[in-house]
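Heads up, the thing below is written out as structure tokens.
The values are calculated or read from the model by the stated rules, or taken from the named source; none is laboratory data. Keep in mind that what you see is a predicted model, and the values were worked out from it rather than measured. Here Cβ is always computed from backbone atoms with ideal geometry, including for glycine, and neighbour counts include all displayed protein chains. For accessibility, only protein heavy atoms count, side chains too; no ligands or nucleic acids. Shrake-Rupley method; radii C 1.70, N 1.55, O 1.52, S 1.80 Å.
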Amino acid sequence: MMNTDQGQGTIFVFTGTSGSGRKTVAKQIAKELGFVPIVSCTTRTPRPREVEGVDYRFLSRRAFIDADIAGEFFQTVEIDGHFYGIRKADIERALATHHNVYVIVNRYAANRFKFEYGDRAVRIFIYASKQTIVERLQARGMPMDVIDHYMNHYIEEVSYRKQCEHVFENMELSHTLDGVRKAVLSHMPTTTS
């Protein structure tokens, strides 16, 4: 059982369709506002441009399973034969030292954050049309098997948007950032001098 009372910060939970730009949006907003990330773990191999400890913590299957058996994870899921999870200690450490943190997760983890943290967890759903995602991924030189993987999960991923507090279609990055920034700031206390 987690101590969800530790700290009083807000967890901004970025979720949405794969390939929508949710990581780009989350990282830019976090950089602007000084949020600290909670980095997920995975057993899959890094994709091009992914960095250990920044995008994910890449673990062997054995290390992941051992940590899971030891009860270290807040939430785990298996997707396409790969495990993903968030360590309880990473969440607790971030909330103990920072008022606002963020995490980039799938809908399963987003649900778990909402269940455990209630109003302290704010889900921000980022999506783009299937065609837009395909075009973006092709422009980045993403392998077709990765693009196909994203498209195979699109319908189930996009349907989760109805459950989230904020939803943004990422057609143009600066416009999306403006909307997300306003949404995030609406959940932060204002100080008066």
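What FRET efficiency comes out for the pair residue 69/residue 89, r = Cβ-Cβ distance, R0 = 25 Å, nearest 0.05? Each step should come with its number before you reach the end.
Values: r = 16 Å, r/R0 = 0.62.
FRET efficiency, residue 69 to residue 89: 0.95.
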### Query
Using a simple charge model, +1 on the beta-carbon of Lys and Arg, -1 on the beta-carbon of Asp and Glu, nothing else, what dipole does the chain show about its Cα centre, in debye to the nearest 20?
220 debye
### Message
What lysines does residue 182 reach when the alpha-carbon gap must be under 18 Å and sequence neighbours fewer than 8 apart in one chain are set aside?
### Response
23, 27, 31
### Most mobile listed residue (54, 158, 134) in the chain, GNM with C-alpha springs under 10 Å
54
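Could you give the accessible area per residue of the range 32-90, probe 1.4 Å, as a whole number in Å²? Present the calculation step by step, with values, prior to reporting the outcome.
Working: 3020 Å² over 59 residues.
Normalised by residue count, the accessible surface of the range 32-90 is 51 Å².
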### Query
Quick one: what do you get for the range 56-186 if you divide its Cα Rg by 2.2 N^0.38 Å?
1.17
### Message
Quick query: amide H of residue 167 versus all other amide H atoms, modeled in the peptide plane; which residues come in under 5 Å with a sequence gap of 5 or more or a different chain?
### Response
125
### Message
Please report the carbon-and-sulfur percent of the accessible area for the chain; probe 1.4 Å, protein heavy atoms only, DNA, RNA and ligands left out.
### Response
52 percent
### Query
Across 5 Å bins from 0, what is the distribution of all Cα-Cα pair distances for the range 39-97, in whole percents?
4, 20, 29, 25, 15, 6, 2
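Would you calculate, for the chain, the mean residue ellipticity at 222 nm contributed by helices, counting each DSSP H stretch of 4 or more residues as -39,500 (n - 2.57) and dividing by all residues, to the nearest 500?
That comes out to -12000 deg cm²/dmol.
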### Query
Of 145, 80, which has the most accessible area and how do the rest follow, probe 1.4 Å?
145, 80
### Task
With 10 Å bins from zero, work out the P(r) of the range 1-135 over every alpha carbon pair and list the percent per bin.
12, 43, 36, 9, 0
### Query
Under 19 Å from a point 7 Å along the Cα-to-Cβ line of residue 165: which residues of the range 10-27 have their amide N that close?
10-17, 22-23, 25-27
### Using θ = phi - 60° and Karplus 6.51 cos²θ - 1.76 cosθ + 1.60, couplings along the range 41-48 (whole Hz; Gly, Pro as x)
9, 8, 9, 6, 7, x, 8, x
